[in-house]
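> Sharing a structure here in structure tokens format.
The values are calculated or read from the model by the stated rules, or taken from the named source; none is laboratory data. All of these numbers come straight from a predicted model, not from anything done at the bench. As a convention, Cβ positions derive from the backbone with ideal geometry for all residues, glycine included, and neighbour counts pool all protein chains shown. When the accessible area is computed, the model is the full protein with side chains, heavy atoms only, and any ligands, DNA or RNA have been set aside. Shrake-Rupley method; radii C 1.70, N 1.55, O 1.52, S 1.80 Å.
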Amino acid sequence: MAVIVNLIAGTPDAARIVAAAAKICYSPSGAVDILDGLTEDKTESFLKMLRDSGHLSPFEHASYTFAVEGLSRVASHQLVRHRIASYSQQSQRYVGMSGQTCIMPPSVAQNEEARKLFEEQTARAWACYEKLVELGVQREDARFILPHGAETRLVMTMNARELHHFFALRLCKRAQWEILELARQMLLLVREASPEIFGVAGPSCITLGRCTEAHPCGSPYSGMEEMLSA
């Protein structure tokens, strides 16, 4: 099953909100009138100044909420390492897992023998889970037998600053394949919603034109188009 991402909420007029937050730092404007005079050109100018100067805290005033499914718990364990975010995840304690799926990595799917072994072992795990429940074992204990690859669903909210950090790490070609695809879909969605904020986002080979990783992949993206169409 492929990961599916939907942007279900976002800060309205996010670019102006970020620019307004910056404006109160750099001008004598009062809090009541910080939106006054913020034309499209001035907004873009403020955003460019913030990026160029590394003053990114105003980006924290714009936030985005995503609904995600088709993601494995392997990937969700990586996801929650991004601590400046809010998560609500489907509970294996309260939701019965019978009939659920296990995410199969492409490296397994393309190898017939590996695929067969994977399917056999995951089927046994699901069957064991169902039998434990039939025997009266509580779901919160029966779930211990389930594979890490079990599908999960979640809702998460990140602010724009954290999203830029997330994209910098998780869109690198060295990122795990599943969270990389999640990040790619998320970036496509926020670029459509807030192009002024996310016009340039991703790993350092995109944003800086050079790799800052300790162990480079050796084949950096040629540009945004390649990264977003991968």
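> Calculate the spin-label point distance for His77 paired with Met104, positioning each point 7 Å from the Cα along the beta-carbon direction, and give it in nanometres.
The modelled label-to-label distance comes out at 2.2 nm.
> Here's a follow-up. For region 24-122, evaluate the Debye formula with one uniform point scatterer on each Cα (no solvent term) and list log10 I(q)/I(0) at q = 0.15, 0.25 Å⁻¹, rounded to two decimals.
Log-scaled intensity ratios, in q order: -0.83, -1.38.
> Return the ratio Rg/(2.2 N^0.38 Å) for region 101-230, where Rg is computed over Cα atoms only.
1.38
> Name the residue, out of Leu154, Leu182, Leu132, whose mean-square fluctuation peaks in a Gaussian network model built on the chain with Cα pairs under 10 Å.
Comparing Leu154, Leu182, Leu132 in the GNM, the peak value goes to Leu132.
> Dipole size in debye (nearest 20) for the chain around its Cα centre, Lys and Arg Cβ +1, Asp and Glu Cβ -1?
With only Lys, Arg, Asp and Glu charged at Cβ, the dipole is about 520 debye.
> Please report the net charge: other residues with Cβ closer than 13 Å to the Cβ of Asn6, K and R +1, D and E -1.
-1
> Along the positive direction of the dipole of the chain (beta-carbon charges: Lys, Arg +1; Asp, Glu -1; about the Cα centre), which of Ala62, Tyr87, Val3 reaches farthest?
Result: Tyr87.
> With every protein chain kept in place and ligands, DNA and RNA left out, what is the accessible area per residue of the chain? Probe 1.4 Å, answer in Å².
The answer is 55 Å² per residue.
> Roughly speaking, what is the stretch gain from Val200 to Glu40, that is 0.36 nm per residue apart minus the C-alpha to C-alpha distance, in nm to one decimal?
Gain in length upon complete extension: 55.8 nm.
> Among the lysines in the chain, how many pairs, 8 or more places apart or on different chains, have alpha carbons under 27 Å apart?
Count of close lysine pairs: 4.
> Mind telling me which of Ser86, Ser107, Ser98 comes out most flexible in a GNM of the chain, alpha-carbon contacts under 10 Å?
Residue with maximal mean-square fluctuation among Ser86, Ser107, Ser98: Ser107.
> Quantify how much of the Cα-Cα distance distribution of the chain extends past 28 Å, in percent.
43
> Could you check how much of the accessible area of the chain is carbon and sulfur, as a whole percent, using a 1.4 Å probe?
53
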